[in-house]
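Below is one structure; the comments refer to it alone.
What follows is calculated from the coordinates using simple rules that are stated; it is not laboratory data. Fair warning: this is a prediction, and the values are worked out from it, not measured in the lab. All Cβ positions, even for glycine, are placed from backbone atoms using ideal geometry, and neighbour counts span all protein chains on display.
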Amino acid sequence: MKLFYSPFACSLAAHIACREAGLEVDLHRVDLPTKRLEGGGDLHTFNPMGQVPTLVIDDQHTLVENSAVLTYLADRAGQALAPRADEFARYELTRWLGFVGTEIHKKGLAPVFAPDSPDAVRDHARKAIQKPLGVVERHLAGREALVGDGFTVADAYLFWALTIAPHGGISLEEFPTLRAYQERLLTRPAVRAAVRFERDQRERAFAA
Ligand SMILES: N[C@@H](CCC(=O)N[C@@H](CS)C(=O)NCC(=O)O)C(=O)O
């Protein structure tokens, strides 16, 4: 399998899932502004949106979209990263993948980090993200994870969001539970390894 990623983009969640599951995956770095692939090629060849995560499974199968990529990786890992499909908790996983993807990622983080966002749009997004952050803050009070009591791919996605939010001027000061949760997840060896790898990659020049 090949995972197209960009350091500290939302593909960090899929990268974490691969490490948590011990799945064999080749990580291929993308320069998101130009869509160039390291070593040559264009991300649009694999994903019509030119976005990460893009997961090339084999010659016939490519998956895009966080919700699909993360669910697929979780299922490849057995039950380690997601509840079984016949459990009610599976729908809760779908709920949280959708919530992080829409209410937090696309409504809040995407406009804040888009290089061409007008300042007014950025300010509006920083306000709009407060309500969904409050929802997860309250949901996680007294809980270890978003779904059930174990780490799932939804936690990997939320971890990414919480990690980059302060870099976009979104303070987590008002959300002590979220800060503690993010710090707790960072102690997981797979999470720490993925973050360390992406930090090293970010500091290295992109090889066109
Ligand atoms: N709907 C997609 C969105 C993924 C997405 O927004 N990826 C960002 C990085 S966090 C990206 O590739 N941005 C580049 C672009 O949209 O051109 C998903 O859920 O996977």
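Looking at the stretch 173-189, which of the residues that are crowded, with 17+ Cβ neighbours inside 10 Å and not in a helix (DSSP H, G or I) is nearest to the chain's Cα centre (by Cα)? Per the criteria, the residue is R188.
Here is a yes/no grid of residues against (1) closer than 20 Å to R192 by Cβ; (2) touching a Phe, Trp or Tyr at 6+ places or on another chain (Cβ under 6 Å); (3) buried (at least 16 other Cβ atoms within 10 Å of the Cβ):
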residue	(1), (2), (3)
F4	no, no, yes
S11	yes, yes, yes
C18	yes, no, yes
R29	yes, no, yes
G40	no, no, no
Q51	no, no, yes
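Does V112 meet the test of being assigned to a helix (DSSP H, G or I), touching a helix residue (DSSP H, G or I) at 6+ places or on another chain (Cβ under 6 Å) and free of Cβ contacts under 8 Å to residues at least 12 places away in the same chain? Here the answer is no, as V112 does not meet what is asked.
Matching residues to (1) outside any loop (DSSP other than H, G, I, E, B); (2) free of Cβ contacts under 8 Å to residues at least 40 places away in the same chain; (3) out of contact with any Leu (no Cβ under 8 Å at 6 or more places or on another chain):
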site	(1), (2), (3)
L23	no, no, no
V30	yes, yes, no
P33	no, no, yes
P48	no, yes, yes
A68	yes, yes, yes
Q79	no, yes, yes
R84	no, yes, yes
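A single member of G50, G101 is within 14 Å of the ligand (Cβ to nearest atom) and more than 30 Å from E173 (Cα to Cα), and it is G50. The residues in the stretch 131-169 that are surrounded by 15 or more Cβ atoms within 10 Å (Cβ to Cβ), in a helix (DSSP H, G or I) and touching a residue at least 24 places away in the same chain (Cβ under 8 Å) can be counted, and the count is 18.
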